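A short write-up of the structure that comes next.
The values are calculated or read from the model by the stated rules, or taken from the named source; none is laboratory data. Quick caveat, the model's predicted, so the values are computed rather than measured. Neighbour counts run over all protein chains shown; Cβ positions are idealised from the backbone, glycine included. Side chains are part of the model used for accessible areas, which takes the heavy atoms of the whole protein and leaves out ligands, DNA and RNA. Shrake-Rupley method; radii C 1.70, N 1.55, O 1.52, S 1.80 Å.
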Amino acid sequence: MEKIHSEIRLIVDRLKKVLGVSRDDEVAKALGMSPQSLNGYKDRKKIPYEKILEFCEKEDVSLDHVILGKGQVQNLDQSKQIVDLNKRINELEGAIALAKELLKGNK
């Protein structure tokens, strides 16, 4: 059972790194649970797999990394920023093309 307890601690520590936080209550919030609920899992030596799975799917984080400590973490913030920047670039390119068309029409 001690192995399960240390596994929970490792998972929470990995989640802290993924989230860029330092406290367990911040991890609990990210998992959509109260700090007391997370402590309850730790006390019962259980891992909240469903909450962790939901978090990883929602935030596009590697489940292998969080649970097993294997593989790379897909950095949500950077991935989201890249998607947002690409979307903005496409919007700007469209606006530039429209402006060029309008300028051609005024000549």
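Going through the range 18-74 one residue at a time, which ones are more than 15 Å from the chain's Cα centre (by Cα), closer than 14 Å to Glu7 by Cα and charged (D, E, K, R)?
Those that are more than 15 Å from the chain's Cα centre (by Cα), closer than 14 Å to Glu7 by Cα and charged (D, E, K, R): Lys42, Asp43, Arg44, Lys45, Lys46, Lys70.
Find all pairs meeting these conditions: Cβ atoms under 8 angstrom apart; at least six residues apart or on different chains; first residue within the range 19-44 and under 17 Å from Val66 (Cα atoms); second residue small (Gly, Ala, Ser) and open to solvent by less than 60 Å² (accessible area, probe 1.4 Å).
Taking only residues 6 or more apart or on different chains, the pairs are Leu19/Ala30; Val21/Ala30; Ala28/Ser34; Ala28/Ser37; Leu38/Ala28.
For the subset of the range 66-101 comprising residues that are modelled with pLDDT under 70 and within 20 Å of Leu53 (Cα to Cα), which member is least open to solvent (accessible area, probe 1.4 Å)?
Selected residue: Ser79.
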